[in-house]
Amino acid sequence: MFDADVAKRVPKENVKLKTLRNRYRRNKNVIFCDSLPSIEYWFLIHFKDTCPTGLSSKDAERELKKFIANYEKSADFLDDEKWIKEMSLDNNGLEKAMQRAQKYSSGEASYSNIHLAITELKKTIK
């Protein structure tokens, strides 16, 4: 899982990402779950059907805070399961995010591939 805006913005990170993609391209056990601009976009589409072009990670975070007022990109906050459960289960958020992520594929606009890993995980549970 990674924020695609970092790979676009930082040449060293872009090289690292390309190297990883090349190394694991034939490994069916590795799924690259990038989100553009950032993971906040993945969280946002649990609440809102949106796919803006040119969205920055700060914009995504600001928009997300309309739905999760106390959101912060910190280990303490992200480790708390309560907000994740609420976001995913309330109002069928996870299913909505999965559908929205599939609707908006990689490209110039915002996207998230996190749904790919969740789809694979669901297969192992059934």
Condition met for E61 (at pLDDT 95 or above, of a type outside the set (A, V, I, L, M, F, W, C) and under 19 Å from C33 (Cα atoms)): yes
Please state which one of F32, F43 is hydrophobic (A, V, I, L, M, F, W, C) and either at pLDDT 95 or above or at positive phi (or both). F43
Meets criteria (surrounded by 14 or more Cβ atoms within 10 Å (Cβ to Cβ), modelled with pLDDT of 95 or more and outside any loop (DSSP other than H, G, I, E, B)) for A97: yes
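Residue by residue, here is whether (1) part of a helix (DSSP H, G or I); (2) buried (at least 17 other Cβ atoms within 10 Å of the Cβ); (3) touching a Gly at 6+ places or on another chain (Cβ under 6 Å) holds:
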| position | (1), (2), (3) |
| --- | --- |
| K8 | yes, no, no |
| K12 | yes, no, no |
| L20 | yes, no, no |
| R23 | yes, no, no |
| R26 | no, no, no |
| E40 | yes, yes, no |
| R62 | yes, no, no |
| N70 | no, no, no |
| K85 | yes, no, no |
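The values are calculated or read from the model by the stated rules, or taken from the named source; none is laboratory data. As the structure is a prediction and not an experimental result, all values here were calculated from the model. Every residue, glycine among them, receives a Cβ derived from its backbone with ideal geometry; neighbour counts consider all protein chains shown.
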